[in-house]
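The values are calculated or read from the model by the stated rules, or taken from the named source; none is laboratory data. Just so it is clear, the model here is predicted, and its values are computed rather than measured. Reconstructed Cβ throughout: ideal geometry from the backbone, glycine too, with neighbour counts over all protein chains shown.
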Amino acid sequence: MENPPFMKLTFLGTSTSVGVPLLGCGCEVCQSKDPRDFRLRCSALLETDGRKILIDCGPDFRMQALRHSITHADAVLLTHEHYDHVGGLDDVRPLGNTDIFAEERVLGAVRRVMPYCFGENRYPGSPVITLHEARPGETLSLSDGESPLSILPLRVMHNKLPILGYRIGDFAYITDASSLPEETIDALKGVRLLVLNALQLPAHPAHFSLGESVEIAKTVGAEQTFFTHFSHKIGLHALTDASLPEGMHLAYDNLTVEF
Ligand SMILES: [Zn+2]
Ligand SMILES: [Zn+2]
Ligand SMILES: [Zn+2]
């Protein structure tokens with residue numbers, strides 16, 4: 001059997017839509033001096049096979065790109081159209097021509113907020129941003145570069161909104177889930193590294209709580225699971241992280257995982 005390709009994942013941001021610290025909040029998490037309790041909006045960068053793949057592009061993207069010297073992206077995978085996942089897309093323009101993958105509904109939202117990037121409205125001289133439709137269960141292939149890379153979009157439910165997660169080889173990334181269909185649980189079997197959202201300790205209608213995510217992670221059984229997309233109600237990083245079962249961790253901003 002061939003060795004699986006080397007992958008490096010960087011957590012660019014690990015917070016929910018409002019960020020941590022929450023503006024004006026005096027709680028111990030928002031007042032913490034631990035840098036792991038300072039979280040930008042949720043996004044990640046996967047590097048594999050000489051490619052850089054950005055997963056979501058929230059309103060903190062420009063700062064994240066500066067921090068990590070991101071000067072191009074071979075693909076941008078969008079999970080859904082909520083502002084905390086697409087609010088930085090205008091800032092991909094300096095990266096040059098870019099391919100964005102998302103569901104048709106989400107592509108429509110991108111066209112509406114950035115009409116100057118597309119079709120007859122395209123601002124002269126601006127980079128070409130190409131939109132590609134992703135459908136759950138239908139493998140996407142990035143054919144440029146040294147070898148093709150397969151990406152499998154997965155159906156995820158965000159309360160009543162159908163959104164996407166992605167599996168790439170032994171890695172899968174799911175955020176903003178409040179439930180996962182059976183076929184998605186099946187499609188996650190065999191992943192070595194799972195990223196899964198876990199909003200906070202209390203239950204929430206549109207996002208898994210940490211306890212719910214731990215149960216899903218046990219079912220999937222990845223070697224390592226990292227949780228992401230937190231509110232300040234996740235508790236102090238150091239304390240909550242230490243309470244997790246073996247092989248499970250809270251992600252934090254700028255954490256890199258190689259596998
Ligand atoms: Zn979100
Ligand atoms: Zn707080
Ligand atoms: Zn959302």
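The rows are residues; the columns are (1) within 13 Å of the chain's Cα centre (by Cα); (2) charged (D, E, K, R).
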site: Ile168; (1), (2): yes, no
site: Thr175; (1), (2): yes, no
site: Glu182; (1), (2): no, yes
site: Val191; (1), (2): no, no
site: Pro202; (1), (2): no, no
site: His207; (1), (2): no, no
site: Glu212; (1), (2): no, yes
site: Glu223; (1), (2): no, yes
site: Ser231; (1), (2): no, no
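Among Leu193, Leu199, which is the only one that is of a type in the set (A, V, I, L, M) and farther than 23 Å from Thr48 by Cα?
Result of the check over Leu193, Leu199: Leu199.
Quickly run through the range 55-86 and pick out the residues that are of a type outside the set (Ser, Thr, Tyr) and either free of Cβ contacts under 8 Å to residues at least 24 places away in the same chain or touching a Phe, Trp or Tyr at 6+ places or on another chain (Cβ under 8 Å) (or both).
Taking the range 55-86 and keeping what is of a type outside the set (Ser, Thr, Tyr), we get 55-68, 70, 72-78, 80-82, 84-86.
Selection gives Ile55, Gly58, Pro59, Met63, Leu66, Ala75, Val76, Leu77, Leu78.
If the requirement is being touching a Leu at 6+ places or on another chain (Cβ under 8 Å) and part of a loop (DSSP other than H, G, I, E, B), which of these qualifies: Asp241, Asp253?
Residue meeting the stated conditions: Asp253.
The conditions are (1) farther than 23 Å from Gly26 by Cβ; (2) surrounded by 14 or more Cβ atoms within 10 Å (Cβ to Cβ), and Asp241 fails exactly one of them. Which is it?
Failing condition for Asp241: (1).
Taking into account only those residues within the range 135-155 that are surrounded by 15 or more Cβ atoms within 10 Å (Cβ to Cβ) and more than 17 Å from Gly169 (Cβ to Cβ), which is farthest from the chain's Cα centre (by Cα)?
So, considering only residues that are surrounded by 15 or more Cβ atoms within 10 Å (Cβ to Cβ) and more than 17 Å from Gly169 (Cβ to Cβ), the one farthest from the chain's Cα centre (by Cα) is Pro136.
Can you pull out the residues in the range 72-113 that are in a loop (DSSP other than H, G, I, E, B), buried (at least 17 other Cβ atoms within 10 Å of the Cβ) and away from ligand 3 (no atom under 16 Å from the Cβ)?
Scanning the range 72-113 gives Ala73, Asp74.
On the basis of being away from ligand 2 (no atom under 16 Å from the Cβ) and farther than 26 Å from Cys30 by Cβ, does Val156 make the cut?
Taking the combined requirement at face value, the residue satisfies it.
If Ser126 meets every condition in (1) exposed (fewer than 15 other Cβ atoms within 10 Å of the Cβ); (2) closer than 20 Å to Glu47 by Cα apart from one, which number is that one?
(2)
With respect to the numbered conditions (1) in contact with a Phe, Trp or Tyr (Cβ under 7 Å, 6 or more places away or on another chain); (2) within 16 Å of ligand 1 (Cβ to nearest atom); (3) more than 17 Å from Thr175 (Cβ to Cβ), which one is the sole condition not fulfilled by Leu22?
(1)
Out of the range 1-48, which residues are in a strand (DSSP E or B) and among the hydroxyl-bearing types (Ser, Thr, Tyr)?
Of the range 1-48, the ones in a strand (DSSP E or B) are 7-13, 15, 20, 39, 41, 43-48.
Result: Thr10, Ser15, Ser43, Thr48.
So which residues in the range 105-147 are under 23 Å from Pro4 (Cα atoms) and at pLDDT 90 or above, if there are any at all?
Gly137, Glu138, Thr139, Leu140, Ser141, Leu142
Of (1) part of a loop (DSSP other than H, G, I, E, B); (2) under 13 Å from the mean Cα position of the chain (by Cα); (3) among the hydrophobic types (A, V, I, L, M, F, W, C), Leu54 satisfies all except one. Which?
Leu54 satisfies every listed condition except (1).
Please determine whether any residue of the range 39-58 is farther than 23 Å from Phe208 by Cβ, within 16 Å of ligand 2 (Cβ to nearest atom), modelled with pLDDT of 95 or more and acidic (Asp, Glu).
No; the residues of the range 39-58 include none that is farther than 23 Å from Phe208 by Cβ, within 16 Å of ligand 2 (Cβ to nearest atom), modelled with pLDDT of 95 or more and acidic (Asp, Glu).
Scan the range 167-211 for residues that are of a type in the set (A, V, I, L, M, F, W, C), within 20 Å of Gly235 (Cα to Cα) and either in a strand (DSSP E or B) or away from ligand 3 (no atom under 16 Å from the Cβ) (or both) and report the count.
Qualifying residue count, the range 167-211: 5.
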